[in-house]
1. B:GLN592 passes all but one of (1) in a strand (DSSP E or B); (2) within 14 Å of chain A (Cβ to nearest Cβ); which number fails?
2. Could you say whether any residue in the range B:2-16 is surrounded by 24 or more Cβ atoms within 10 Å (Cβ to Cβ), in contact (Cβ under 8 Å) with a residue 24 or more places away in the chain, over 16 Å from B:LEU141 (Cβ atoms) and among the hydrophobic types (A, V, I, L, M, F, W, C)?
3. Only residues that are outside any helix (DSSP H, G or I) and of a type in the set (S, T, N, Q): list them for the range B:595-621, please.
4. Looking at the range B:303-314, can you tell me whether even one residue there is within 22 Å of B:TRP239 (Cβ to Cβ) and either aliphatic (A, V, I, L, M) or modelled with pLDDT of 70 or more (or both)?
5. Test of understanding: among A:ASP162, A:ASP116, A:ASP102, which residue is among the charged types (D, E, K, R), touching a helix residue (DSSP H, G or I) at 6+ places or on another chain (Cβ under 8 Å) and assigned to a loop (DSSP other than H, G, I, E, B)?
6. Looking at B:LEU278 and the list (1) within 14 Å of chain A (Cβ to nearest Cβ); (2) of a type in the set (A, V, I, L, M, F, W, C); (3) within 15 Å of the chain's Cα centre (by Cα), which single condition is not satisfied?
7. Taking the range B:515-553 only, how many residues are touching a residue at least 12 places away in the same chain (Cβ under 8 Å) and closer than 22 Å to B:GLY593 by Cβ?
8. Could you give every pair whose Cβ atoms fall below 6 Å, whose first residue belongs to the range A:104-120 and is away from chain B (no Cβ under 12 Å), and whose second residue is of a type in the set (Phe, Trp, Tyr) and crowded, with 20+ Cβ neighbours inside 10 Å, counting only separations of at least 6 or pairs across chains?
Amino acid sequence: MRRAIVWVPLASFALLFALVGWGLMRPADRTVRSELIGQELPELNLPAMVPGKPGVSAAALKGRPYLLNIFASWCVPCVAEAPQLVRLRAMGVPVVGVAVRDTSDAVRAFLARHGDGYSAIGSDTASRVQLAIGSSGVPETFVVDAGGRIALQHVGDVRADDVDALAAAVRGGR
Amino acid sequence: MIAEFGLAALWLAAALAALQLAAAAIGLDRARADVAAAVRPVAAAQGLLAVLAMLALMAVFANSDMTVRLVVENSHSAKPMLYKLAGAWGNHEGSMLLWVAFLGAGGAAVALLERRLDERSLTATLGAQAAIALGFYAFLLFASNPFARVWPAPADGLGLNPILQDPGLAFHPPTLYAGYVGLSVAFSFAVGALVTGRVDPAFARAMRPWVLGAWVLLTLGITAGSYWAYYELGWGGWWFWDPVENASLMPWLAATALLHSVSVLAARDGLRAWTVMLAVVAFSMSMVGTFLVRSGILTSVHAFAVDPRRGAFILALLGLYVGGALALFAARAGSVRGGATFDPVSREAGLVANNLLLSVILGVVLIGTLYPLVAAGFGVQLSVGPPFFNRAAGPVALVLVVLTAIGPLVRWRRDDAGAVGGRLGAPVAAASLSAAGLFAFNGFGVAPLLFLSLSLAAGLVVASVLPLWGRRLRRTPLNLWGMAVAHLGVAVALAGMASDAAFTRETLVAAAPGIPARVGPFVVTLDGVIPRIGENWSAVEARLSVARGDSEWVLRPQQRYFSDPPTTTSESAILTRPDGQLYAVVGRPDGQGRWQLRLWWKPFVTFIWAGGTLIALGGALSLVGRLRGGRARRRFDAAATA
């Protein structure tokens with residue numbers, strides 16, 4: 001018994017050694033992907049952020065693809081992103097916004113200043129949506145297909161070069 | 001010229017390490033005392049040369065010698081002198097050189113100072129130390145030469161990561177490294193004892209000061225690192241369960257277990273094989289930690305520039321040393337006799353339980369740290385965070401806290417369970433009082449685990465000083481004082497952690513000047529934002545008026561922009577009061593005169609680091625006590641044989 005036990009540490013170490021050795025040889029992939037890609041979007045119902053624009057309601061969004069954009073008026077990359085969202089809207093792509101930890105006045109001023117590409121904006125004061133869909137920060141954009149599934153995740157601001165690909169992804173999501 | 005001198009010193013040190021290993025092997029194998037006699041002086045010379053190489057690198061950094069590649073890549077002539085010097089170890093090559101300098105110095109210290117161990121075991125120990133050093137010299141010379149030149153020399157350097165431009169960097173890594181390397185001495189002692197087969201109380205008494213010293217440094221390093229991350233990263237957290245933090249925690253856990261088991265071996269001649277095993281594990285964990293940081297196989301905020309070839313090199317060293325030591329252990333453990341036995345109710349039994357619980361926590365941390373790698377093997381990408389570690393390690397740690405309270409009140413060899421229960425009256429009363437007080441103020445508002453933590457902390461405060469009760473304090477041995485202070489530190493740190501988790505208040509506002517925001521008992525008003533210029537940065541600085549009752553303060557958090565390399569950092573502003581800290585971070589402007597402002601009120605959070613410091617102080621007191629005790633014992637022996 002004792003004879004066998006003294007080899008346990010060496011055996012455990014050999015296992016550890018094999019594991020990290022394999023980890024070292026493996027090509028590194030460091031991008032963080034939402035585990036929810038391909039899965040159904042959790043049911044979102046958020047109050048309206050600004051007057052005159054609806055909030056997010058799961059019932060109203062059923063049956064057609066759209067872009068879900070997580071943003072905030074206090075987020076600087078969101079400022080750079082705003083004109084691209086306006087372009088997407090002009091191309092007929094519905095953009096649904098979720099404003100994170102924000103106030104109505106601030107969002108209204110943000111839209112007036114940087115452009116408004118949103119067909120609806122919900123207010124998420126406690127970052128619940130971010131937690132629910134595995135978003136890692138603002139801004140972040142998801143393509144949701146007609147079946148309500150998350151088809152694509154775009155981390156960071158939407159640049160001019162991304163617009164066509166995102167529009168195509170939404171059109172392909174019917 | 002200085003760079004070449006450093007490189008030459010490094011080569012010479014490597015040659016001496018080879019000589020030291022060969023002399024030790026021949027001395028032991030052929031029983032040649034004359035050859036073995038060379039080991040001590042060679043070890044001392046090797047340590048001296050390794051330290052000289054490190055000093056040469058620091059000189060090169062101090063002079064901003066832009067013909068040295070490492071300086072170009074990690075320094076800039078406009079940097080303040082402190083960060084030029086600290087820049088010498090704020091990168092891969094330099095930190096490895098610091099590591100071998102400590103390794104060499106550790107071996108030299110053993111060679112010059114160790115008088116308790118028998119000559120054969122000492123020779124084996126220094127041989128093992130030389131073997132470790134040799135591998136790391138090879139790593140430096142063949143894969144990470146810190147003194148490499150660059151031609152043609154650029155006009156100036158690329159600068160140091162601004163997060164690292166902080167007094168914390170000047171002290172945090174060297175302290176931790178000294179701790180890791182102190183554990184290498186314990187490792188060498190264990191290997192030496194396995195080679196000569198002498199695992200006895202004399203061996204334990206000889207090894208104990210080294211373990212204590214390493215443990216004190218590790219404790220200080222981890223405490224300082226935690227505070228550094230807390231104020232520098234601007235996230236308001238003090239521990240993130242990041243792989244690199246875990247890499248420093250795992251050797252500490254093993255060293256803590258070793259510290260306690262070595263006491264059993266020294267006092268009662270028990271736990272022989274286990275103690276040797278722990279000494280091997282403790283240093284192995286520091287090597288695993290080094291490997292995890294350097295190889296980049298786990299994603300971490302601490303990651304160094306990643307180079308898989310270097311990772312493979314360290315992995316090979318890891319396999320050689322740890323695998324070799326464990327194989328030696330397996331082959332020789334049979335020859336280590338069982339040692340003395342003890343009663344289920346005794347100090348020894350308590351220390352065994354302490355060791356088991358620490359091992360469980362170590363296992364949890366190790367598994368949690370490596371699990372993402374295992375999961376990657378099955379094609380799943382995930383990260384393991386605080387929810388796992390807190391839930392898996394938290395309850396075990398609380399059981400350990402209970403044991404910390406009970407253990408010192410139990411006698412060696414055999415005790416009566418009823419009598420031990422009687423001694424626990426006061427701590428139990430303190431814990432109950434604290435629980436009742438918490439309930440009266442907060443009802444069920446505090447999570448159960450935190451509620452329990454706060455109550456247990458109160459109990460441990462009383463229990464930790466009980467061993468001093470009724471003694472004449474001036475005649476109490478220092479190591480007893482050390483134990484009481486260290487255990488008190490555990491209670492204080494636990495109280496701080498639980499209080500931070502239970503009572504922290506957070507506010508995130510887009511602040512317009514003049515509009516007050518509330519966080520906890522404070523009212524915070526943004527007075528305005530002004531530009532500031534520093535030695536190598538520019539910043540926007542918010543002026544915050546803070547009021548609580550009639551008292552008022554001003555806080556000035558900054559957003560700093562560094563130009564070499566271009567980076568932004570948040571410099572938090574912290575208001576420290578006796579009952580906690582107000583932590584303020586200023587973020588980005590929204591373009592309409594408002595600023596993102598993040599405020600935390602953290603009651604008694606300072607207890608965490610005060611506790612850590614007390615733990616280290618306790619260790620230091622014990623160390624002094626043991627060293628004095630050892631000298632007195634030798635004088636007594638000398639007088640008896642004279």
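The values are calculated or read from the model by the stated rules, or taken from the named source; none is laboratory data. Predicted model, so just to flag it, every value in this text is computed and none were measured. Note that we place each Cβ from the backbone using ideal geometry, even for glycine, and neighbour counts take in every protein chain shown.
1. (1)
2. Among the residues of the range B:2-16, not one is surrounded by 24 or more Cβ atoms within 10 Å (Cβ to Cβ), in contact (Cβ under 8 Å) with a residue 24 or more places away in the chain, over 16 Å from B:LEU141 (Cβ atoms) and among the hydrophobic types (A, V, I, L, M, F, W, C), which makes the answer no.
3. Correct list: B:GLN596 only.
4. Among the residues of the range B:303-314, at least one is within 22 Å of B:TRP239 (Cβ to Cβ) and either aliphatic (A, V, I, L, M) or modelled with pLDDT of 70 or more (or both), which makes the answer yes.
5. Testing whether each residue is among the charged types (D, E, K, R), touching a helix residue (DSSP H, G or I) at 6+ places or on another chain (Cβ under 8 Å) and assigned to a loop (DSSP other than H, G, I, E, B) leaves just A:ASP116.
6. (3)
7. 20
8. So the pair list comes out empty.
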